[in-house]
């Protein structure tokens, strides 16, 4: 199998920019596009080609990666006369690394197939640091043979690639994972807050619980309490690794998905309400682990 050399990358935000940069560093011929000219121009200085339009980018690429914020944005980029799907070469591969709804993703898989393209949904986990360091995790939905063709590319960007099944299953895995993450972060934050109110130091509670049945990733790998775990946002005044706003977006997606299959995810719904309240209190972007600050400051009625 010939090594894919040319990649188009659309969406150069806080995640997309470092992902595209890593591909340039790995020796790929990367053509970039973003509605903002600044990040594309910066990557052009690093060796990328700056496309003037989506159609211009799509016309020459074997693989096109999108990293956008919403399903509507992905559809706008993919569909229509100037979109990826009517301008990319036959059998090109579209990898959508955005986190969007399952229904839109499955629609895009179907539309890609009708015009002779291959599609993969491959949302990522790992935040900005994962994008910068190439340690992202990918949940990939779609044809496994298609995944095999682009696995070397994803290996530049991440350390773990899981084929989750057919079209849309990557998004399903990401939505369910992030609902669980939000719930666990709230639980860890409540536990630390209660321990503090009861006169137990965070250090001693962490020493005990990090090796007991309450241990979880939100505690031992992404502690919301400063000074307990290295290289986490709580140590940097909650500078975002994964913003609370993005967590709320994923919780909205989880509740839309739950509604579509007539499932009551009670804790997921509660987490959505908590993060909604937290976001309404914020003026600047903040990491999702900072929800502990709202929990600590809550004054309940007796």
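Laid out as a table, the results:
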read-out: Lone qualifier among 193, 189, 234 - being more than 14 Å from the chain's Cα centre (by Cα), surrounded by 22 or more Cβ atoms within 10 Å (Cβ to Cβ) and not assigned by TED's automatic domain parsing to the domain that holds residue 123; value: 189
read-out: Segment 104-135, residues that are closer than 24 Å to residue 238 by Cβ, under 12 Å from the mean Cα position of the chain (by Cα) and not in a loop (DSSP other than H, G, I, E, B); value: 124, 125, 127, 128, 129, 130, 131
read-out: Members of segment 15-36 that are more than 17 Å from the chain's Cα centre (by Cα) and within 14 Å of residue 98 (Cβ to Cβ); value: 34
read-out: Set 70, 66: member being within 18 Å of residue 30 (Cα to Cα) and under 15 Å from the mean Cα position of the chain (by Cα); value: 66
read-out: Residues within segment 143-164 that are farther than 26 Å from residue 248 by Cα and either assigned to a strand (DSSP E or B) or outside the structural domain of residue 119 (by TED's automatic domain parsing) (or both), tallied; value: 0
read-out: Hits in segment 196-228 - residues which are without any contact (Cβ under 8 Å) to a residue 12 or more places away in the chain, under 22 Å from the mean Cα position of the chain (by Cα) and surrounded by 15 or more Cβ atoms within 10 Å (Cβ to Cβ); value: 220
read-out: Counted residues, segment 199-248 - those being out of contact with any helix residue (DSSP H, G or I) (no Cβ under 9 Å at 6 or more places or on another chain) and outside any loop (DSSP other than H, G, I, E, B); value: 5
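The values are calculated or read from the model by the stated rules, or taken from the named source; none is laboratory data. All values derive from a computational prediction rather than experimental measurement. Note that each Cβ is placed from the backbone with ideal geometry, even for glycine, and that neighbours are counted across all protein chains shown.
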